[in-house]
Amino acid sequence: MDVLVALGTNTAYFYSVYVIIKATTAENFEGQDFFETSAMLISFILLGKYLEVVAKGKTSDALAKLTELAPETACLLTLDTDEISTQLIQRNDIIKIVPGAKVAVDGVVVDGQSHVNESMITGEARPVAKRPGDKVIGGTVNENGCIHVKATHVGSEAALSQIVQLVEAAQLARAPVQQLADRISRYFVPTVSSLCPLFVAADWIPKAMDKFELALQFGISVLVIACPCALGLATPTAVMVATGKGASQGVLIKGGDALEKAHKVKTVVFDKTGTLTVGKPQVVSAVLFSNFSMEEFCDLATAAEANSEHPIAKAVVDHAKRFRHKIGSNPDHIPETGAGVTGKVGERMVLVGNRRLMRTSEITLGPEVEKYIFENEELARTCVLVAIDGKMAGAFAVTDPVKPEAQRVISFLRSMGITSIMVTGDNRATAAAIARDVGIDYFFAETTPVGKADKIKDLQGKGEIVAMVGDGINDSPALVAADVGMAIGAGTNVAIEAADIVLIKSNLEDVVTAIDLSRKTIARIRMNYVWALGYNVLGMPIAAGILYPFTGIRLPPWLAGACMAASSLSVVCSSLLLQSYKKPLHVREG
């Protein structure tokens, strides 16, 4: 980027040195030096660079604000109460958080109740109630009660540290659209450098030295104003502002590549459980199809499910706790991907899962079972079937309410020209009911984790740019396979690692925010290219003296330097306009 500036300033300086030496050694020599041109040119360029650095500093304001959220000290509860540096906090330390103080570390509330303002991390405007057992995030503000927090994640493991690391990595990553600027510069700089001597030799070194000097000034002006510095700033400054702005609104974008791909998305594939639904299933009914007592039935079912991490399995276990204080476990349980679990509990073989698991295990479903399944699936409930020793023993009906914003988000995506598809491991009837509730026309049911990834690849094979929104371990293959993977922030670490974009708030509205922000950022980058190339296209002919024969107007080298600095500054200021980005109005207001 600095080749042309270096050529221009050095040409002016060394020609001036030549004039001085020639004037001291030759008689009747007339010439003009350009020392002031080099000095003024460098001064204007340095001024432009300084203003550019100041403006670029504002592009990372969001990152600076994030790093300032963490408090410097914390109140450690030992035998006495001590103030210590937050950097010294260890896992399992108990920290006292008084009203109005910042939460010093990620942890779990062990004593006290309060409301915590998490808006600076999640963007959630309303304070969140916290009681013993609830998680808190470092950097958030305790509002009205004293709580004791047990540290669970410290140092680089803390949520705030990880967010800062993600944003820093995103701001340093190069977006593919930057390659356009690189290609232009690769040919533009050598071309200008090779053509520039033509301006100097326009009159083939005339006898009158002032004409040569004038041609030299034209050449220097062209070299300087042609510098593609603004072109190099067009993409990275916009990416820095966009990723910082996204982070402040609860959308973590892991780099320019994800930002660029997101603006092309035409299809969004949603997981069901925990993504379109709240992700906290509850058992609403339990029935027996055998002679087992309800207590024995619950004991066997929950022993098989106890080691499962699936939300529906947890719902079954939680339901059983209402009847039994002690829940057994099954160390030999075998998860059947996308279907359920099987395993031996004592002397009995227990299968807990969906209709597909029963079918593959050759378990007969009688009319009574089929009727129970049909009635609940029509109500968008999931039926968890339990077979013991090869015979149907009973079933649980589980419901997971749809997120209140789901229908609004699907509708808004449709207005943006984006097709929404749901993919789930659940049965077809329940999937159809959920899809109908939220307004999705296309869905895939009874799909395994690998099957989800295959569906993504099938859509890509048709030329679609696909985004996948999920939250669980079973979504990670699809998140990786998609062009843009979006992980719900409350999901598993595996899903978050596999995703390109993390939605911290677990709010579906942020799917719209991520895509809309990416579209506006790419539009801003293109506008930056117009600004950057516009200066070169308009400025180079004037610097070359195209107007001079007719009007006497020319662009001195120092003024060319000022114009070059102004072009860089205008591009940075253009990128800073993204700081005023707001979520689409219809999504925010519903």
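Name the strands (runs of 3 or more DSSP E) wholly inside the stretch 335-441 in which the number of residues that are touching a Phe, Trp or Tyr at 6+ places or on another chain (Cβ under 7 Å) and of a type in the set (Ser, Thr, Tyr) is 1 or more. Show your work before the answer.
Details: elements: 340-345, 348-353, 382-388, 391-399, 419-423.
So the answer is 419-423.
When only residues in the stretch 504-539 that are touching a strand residue (DSSP E or B) at 6+ places or on another chain (Cβ under 7 Å) and modelled with pLDDT under 85 count, which is surrounded by the most Cβ atoms within 10 Å (Cβ to Cβ)?
Per the stated criteria, the residue is ILE504.
Would you check which residues across the stretch 393-411 are out of contact with any Pro (no Cβ under 7 Å at 6 or more places or on another chain), buried (at least 21 other Cβ atoms within 10 Å of the Cβ) and not β-branched (Val, Ile, Thr) and list them?
Within the stretch 393-411, ALA393, GLY394, ALA395, PHE396, ALA406 meet the criteria.
Identify, from the list GLU36, GLU83, GLU30, GLU72, the residue that is modelled with pLDDT of 70 or more, among the charged types (D, E, K, R) and within 30 Å of ALA215 (Cα to Cα). Even if it seems obvious, please write down each step before you answer.
Numbers: GLU83 fails: within 30 Å of ALA215 (Cα to Cα); GLU30 fails: modelled with pLDDT of 70 or more; GLU72 fails: within 30 Å of ALA215 (Cα to Cα).
Going through GLU36, GLU83, GLU30, GLU72 in turn, just one is modelled with pLDDT of 70 or more, among the charged types (D, E, K, R) and within 30 Å of ALA215 (Cα to Cα): GLU36.
Check whether at least one residue in the stretch 416-427 is open to solvent by 40 Å² or more (accessible area, probe 1.4 Å) and in contact (Cβ under 8 Å) with a residue 12 or more places away in the chain, and report yes or no.
Quick first cut of the stretch 416-427, residues open to solvent by 40 Å² or more (accessible area, probe 1.4 Å) only: 417, 419.
Add one more test, that the residue is in contact (Cβ under 8 Å) with a residue 12 or more places away in the chain, and what stays is 417, 419.
Among the residues of the stretch 416-427, at least one is open to solvent by 40 Å² or more (accessible area, probe 1.4 Å) and in contact (Cβ under 8 Å) with a residue 12 or more places away in the chain, which makes the answer yes.
Please name all residue pairs, on different chains or six or more residues apart, with Cβ atoms under 7 Å, provided the first residue is in the stretch 390-409 and is under 23 Å from ALA315 (Cα atoms) and the second residue is small (Gly, Ala, Ser) and part of a helix (DSSP H, G or I).
Note: pairs meeting the criteria are VAL398/ALA315.
Any residue in the stretch 3-24 that is within 30 Å of TYR187 (Cα to Cα) sitting within a Cβ distance under 6 Å of a residue that is at pLDDT 80 or above and not in a helix (DSSP H, G or I)? List the pairs, counting only those 6 or more apart or interchain.
Once the first residue is within 30 Å of TYR187 (Cα to Cα) and sits in the stretch 3-24, no partner that is at pLDDT 80 or above and not in a helix (DSSP H, G or I) comes close enough.
Would you mind finding the one in ILE440, ILE373 that is closer than 30 Å to GLU347 by Cβ, in contact (Cβ under 8 Å) with a residue 12 or more places away in the chain and among the β-branched types (Val, Ile, Thr)?
On the way: ILE440 fails: closer than 30 Å to GLU347 by Cβ.
After applying the criteria, what remains is ILE373.
So that you can scan it fast, the table gives a plain yes or no per residue for (1) in contact with a Cys (Cβ under 8 Å, 6 or more places away or on another chain); (2) closer than 21 Å to LEU365 by Cβ; (3) surrounded by 15 or more Cβ atoms within 10 Å (Cβ to Cβ):
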position: PHE297; (1), (2), (3): no, yes, yes
position: ALA303; (1), (2), (3): no, no, yes
position: SER308; (1), (2), (3): no, no, yes
position: ILE312; (1), (2), (3): no, yes, yes
position: VAL317; (1), (2), (3): no, no, yes
position: ALA320; (1), (2), (3): yes, no, yes
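Take THR11 and tell me if it is open to solvent by 70 Å² or more (accessible area, probe 1.4 Å), at pLDDT 75 or above and polar (S, T, N, Q). Please lay out each step first, then the result.
Working: open to solvent by 70 Å² or more (accessible area, probe 1.4 Å): no; at pLDDT 75 or above: yes; polar (S, T, N, Q): yes.
Here the answer is no, as THR11 does not meet what is asked.
Inspect all residues belonging to the stretch 543-565 and state whether any of them is under 34 Å from the mean Cα position of the chain (by Cα), over 30 Å from GLY274 (Cα atoms) and touching a residue at least 40 places away in the same chain (Cβ under 8 Å).
Start the filter on the stretch 543-565 by keeping residues that are under 34 Å from the mean Cα position of the chain (by Cα), which leaves 564-565.
Next, from what is left, pick out any that are over 30 Å from GLY274 (Cα atoms): 564-565.
This time we only want the ones that are touching a residue at least 40 places away in the same chain (Cβ under 8 Å), so: 564-565.
Yes, there is a match, as at least one residue in the stretch 543-565 is under 34 Å from the mean Cα position of the chain (by Cα), over 30 Å from GLY274 (Cα atoms) and touching a residue at least 40 places away in the same chain (Cβ under 8 Å).
Against the conditions (1) of a type outside the set (Gly, Ala, Ser); (2) free of Cβ contacts under 8 Å to residues at least 12 places away in the same chain; (3) surrounded by 18 or more Cβ atoms within 10 Å (Cβ to Cβ), where does ILE456 fall short? Just the number, please.
Here ILE456 clears every test but (2).
The values are calculated or read from the model by the stated rules, or taken from the named source; none is laboratory data. In this text, all values refer to a predicted model and were calculated from it rather than measured experimentally. As a convention, Cβ positions derive from the backbone with ideal geometry for all residues, glycine included, and neighbour counts pool all protein chains shown. Protein only, heavy atoms only, side chains kept; ligands, DNA and RNA dropped before computing areas. Shrake-Rupley method; radii C 1.70, N 1.55, O 1.52, S 1.80 Å.
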